[in-house]
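Below: one structure, written as structure tokens.
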Amino acid sequence: MSRYDPNPFEEDEVNPFANPGSVPAATSVLSPLPPEPYDRGATVEIPLDSSNSKDIKAKEKELKAREADLKRREQEIKRREDAISRAGIVIEEKNWPPFFPIIHHDIANEIPIHLQRTQYLAFSTWLGLVLCLTWNIVAVTTAWIKGEGPTIWFLAIIYFISGVPGSYVLWYRPLYRAMRTDSALKFGWFFLCYLIHIGFCIFAAVAPPIIFKGKSLTGILPAIDVLGDNALVGIFYFIGFGFFCLESLLSVWVIQQVYMYFRGSGKAAEMKRDAARGTMMAAL
């Protein structure tokens, strides 16, 4: 091998700026293909099965029918509500007590602001009666355990079962509606039943052994009687006596406040006119 022989592993250099015709065929570069045209706005149509299209149309019809039915029901409910409001009927939703609603009670939104204080006081007397009758059961139960017999306990239960709902229906709810609607007739019913309530509280505070069995009410007389036999029972009865005294005083004050408003608002004269008109119509 001659010292001037070319390197067999040396690559032939190709000048890219040389004449294209002189470039060897082995080193020629293929030009890329032009890009295919692409239309972004073109829609691709996917053929749907005829059965699927029928199902979609049927569902659309069903949805439209349901929507029309809902609109018809909404219009019917609105029409009934408008008729009820025109007739002056108030729908009372039960909302008290909050944990177990059994009555409708919303003084802040339904009673005029100048009557809310009196209504709250009247409500406190109703709650006070509930407390008095509940404590009466506790004291009488203690007396029964100490040997007074089961009769007084059953009577105490009867007082509670009849007194709590009876007081609400007979005088508290009529006063609530009278304050809300300013009805003279409801005010008159309240006065009648509330006087009976006051009479019962005064009687229970004394608890004489007449009409009711004496020791079934925690009045002053049975408290003195049982104090000699058992000090604990006597203390329970004296506490009940204090509850009934406080309830009586607060109830008297409430009826005075309601009567002052009743006289000052002219409802007394209106009630007299209604009574006279009713008597005349009955005579005719």
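Of the residues making up the stretch 197-225, those that are aliphatic (A, V, I, L, M) and buried (at least 21 other Cβ atoms within 10 Å of the Cβ) are Ala204, Ala205, Ala207, Leu217, Ala223.
Output the residues belonging to the stretch 216-229 that are part of a helix (DSSP H, G or I) and either within 19 Å of Glu247 (Cα to Cα) or free of Cβ contacts under 8 Å to residues at least 12 places away in the same chain (or both). Ser216, Ile220, Leu221, Pro222, Ala223, Ile224, Asp225, Leu227 - these are the residues of the stretch 216-229 that are part of a helix (DSSP H, G or I) and either within 19 Å of Glu247 (Cα to Cα) or free of Cβ contacts under 8 Å to residues at least 12 places away in the same chain (or both). Does Ile107 meet the test of being at pLDDT 90 or above, more than 30 Å from Ile235 (Cβ to Cβ) and touching a strand residue (DSSP E or B) at 6+ places or on another chain (Cβ under 6 Å)? Here the answer is no, as Ile107 does not meet what is asked. Tell me, please, whether a residue that is basic (Lys, Arg) and in contact (Cβ under 8 Å) with a residue 24 or more places away in the chain can be found in the stretch 183-194. The answer is no; no qualifying residue exists. For the stretch 230-241, a residue qualifies if it is surrounded by 16 or more Cβ atoms within 10 Å (Cβ to Cβ) and part of a helix (DSSP H, G or I), and the qualifying residues are Val233, Gly234, Phe236, Tyr237, Phe238, Gly240, Phe241. Scanning the stretch 116-124 for any residue that is among the small types (Gly, Ala, Ser), out of contact with any Phe, Trp or Tyr (no Cβ under 7 Å at 6 or more places or on another chain) and free of Cβ contacts under 8 Å to residues at least 40 places away in the same chain turns up nothing. When Ile145 is tested against the conditions (1) β-branched (Val, Ile, Thr); (2) closer than 23 Å to Ile103 by Cβ; (3) free of Cβ contacts under 8 Å to residues at least 60 places away in the same chain, the lone failure is (2).
Ser51 falls short on exactly one of the conditions (1) modelled with pLDDT of 85 or more; (2) outside any loop (DSSP other than H, G, I, E, B); (3) out of contact with any Cys (no Cβ under 9 Å at 6 or more places or on another chain), and that condition is (1). Where helices (runs of 4 or more DSSP H) sit wholly within the stretch 83-196, those with at least 2 residues that are small (Gly, Ala, Ser), farther than 20 Å from Ile255 by Cβ and open to solvent by less than 30 Å² (accessible area, probe 1.4 Å) occupy 116-143. Counting the residues of the stretch 94-120 that are within 10 Å of Arg180 (Cα to Cα) and acidic (Asp, Glu) gives 1.
The values are calculated or read from the model by the stated rules, or taken from the named source; none is laboratory data. Since this is a predicted model, take the numbers as computed values, not measurements. Cβ sites come from the backbone with ideal geometry, for glycine too, and all protein chains shown count toward neighbours. Side chains included, ligands, DNA and RNA excluded: accessible areas come from the protein's heavy atoms. Shrake-Rupley method; radii C 1.70, N 1.55, O 1.52, S 1.80 Å.
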